Amino acid sequence: MGKLTPHQYQAEALISMGYNDTTVTKLQKVGADLLALYKPAAHWNEKVFASLSDCIIIGTVSHIEHPFGEKSWFHTVAYVRVEEFLRNDYNLPKIQIPVLLVSGPTGTGQTEIEIGEDTLGIGEHVLLFLSANELIDIACNNNMRDWYNQLINDSTVKFSIVAKYDIKAGKVISRNRERNLTDIRSDIKKVLTTVEHNMSTNQ
C-alpha cells in the first residue's frame with residue numbers, strides 16, 4: 001500500500017494494458033521502447049503512442065460540452081466523429097467518441113488550464129491516440145471510487161488523449177513535427193501486428 005517507485009508504477013501500468021515482458025521486449029525491437037517512458041531522455045514517438053493507446057482514430061470534433069462540476073478532475077468533453085479507426089480494442093462502431101479534457105470552465109466563472117494539455121476545438125480534423133485505460137488508472141490511483149465505478153459500468157467508453165495531431169493535406173502535424181499520414185499508418189500497423197501476434201501466442 002506504500003507509494004510506488006517510478007519503476008514499480010511503470011510495471012503496473014504495462015500490466016494493466018495487458019503487456020507482459022515478452023510483449024514489451026518485442027515492442028522495443030520494432031521501435032516502441034516502453035521501458036524508457038519515465039527516463040528524462042525518453043523519446044515518445046508514434047510507435048510508443050500506438051502502444052499506449054487502446055483506440056486510435058481519424059475524425060472531426062463535432063461538439064463540446066462542459067458537464068462537470070468544480071471539484072471534478074475533468075471539465076470538458078469533446079465529441080469526435082469517427083471517420084476511421086486505426087486501433088479499436090473495444091470494437092466500437094463509427095460513432096462519436098467522447099474525449100475528456102482537464103482544461104475548461106469549472107462552473108464557478110473560472111476556467112481550469114492544464115499546462116501542456118492537448119485541447120480540441122469544434123471543426124478540427126485530427127488523428128488522436130486515445131486511452132480509456134488511462135482514465136481508469138487515474139480514478140484508481142487517486143481513490144476516486146465513484147468515478148471509477150462510473151467508468152467501468154458505463155456502456156459508453158470514454159477516453160483521454162495520449163497524443164494529438166492535426167491533419168492537413170495528407171500531413172499530420174503535432175506541436176514540433178510534421179509527418180506523412182502514410183508513414184504513421186505504417187508505424188501503427190507494426191505495433192498492432194506485434195501486440196496481436198504476442199497476444200495470440202499467449203492464449
Which numbered condition Arg179 misses (of (1) part of a helix (DSSP H, G or I); (2) farther than 17 Å from Leu101 by Cβ): (1)
Of the residues in region 140-175, those that are crowded, with 17+ Cβ neighbours inside 10 Å, touching a residue at least 40 places away in the same chain (Cβ under 8 Å) and in a strand (DSSP E or B) come to Phe159, Ser160, Ile161, Val162, Ala163, Lys164, Ile167, Val172
Per the filter on region 110-125, residues more than 16 Å from Tyr79 (Cα to Cα), outside any strand (DSSP E or B) and not small (Gly, Ala, Ser) are Gln110, Ile113, Glu114, Ile115, Glu117
Scanning region 50-109 for residues that are of a type in the set (Phe, Trp, Tyr) and in a loop (DSSP other than H, G, I, E, B), which turns out modelled with the highest pLDDT? Tyr90
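Residue-wise test of (1) within 16 Å of Tyr165 (Cα to Cα); (2) acidic (Asp, Glu); (3) in contact with a helix residue (DSSP H, G or I) (Cβ under 8 Å, 6 or more places away or on another chain).
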| residue | (1), (2), (3) |
| --- | --- |
| Lys71 | no, no, no |
| Leu92 | no, no, no |
| Val99 | yes, no, no |
| Gly104 | no, no, no |
| Ile115 | no, no, no |
| Asp118 | yes, yes, no |
| Ile122 | yes, no, no |
Could you say whether any residue in region 126-139 is loosely packed, with under 15 Cβ neighbours inside 10 Å and either at pLDDT 95 or above or in a loop (DSSP other than H, G, I, E, B) (or both)? no
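The values are calculated or read from the model by the stated rules, or taken from the named source; none is laboratory data. What you are looking at is a predicted structure, and each value in this text was computed from that prediction instead of being measured. All Cβ positions, even for glycine, are placed from backbone atoms using ideal geometry, and neighbour counts span all protein chains on display.
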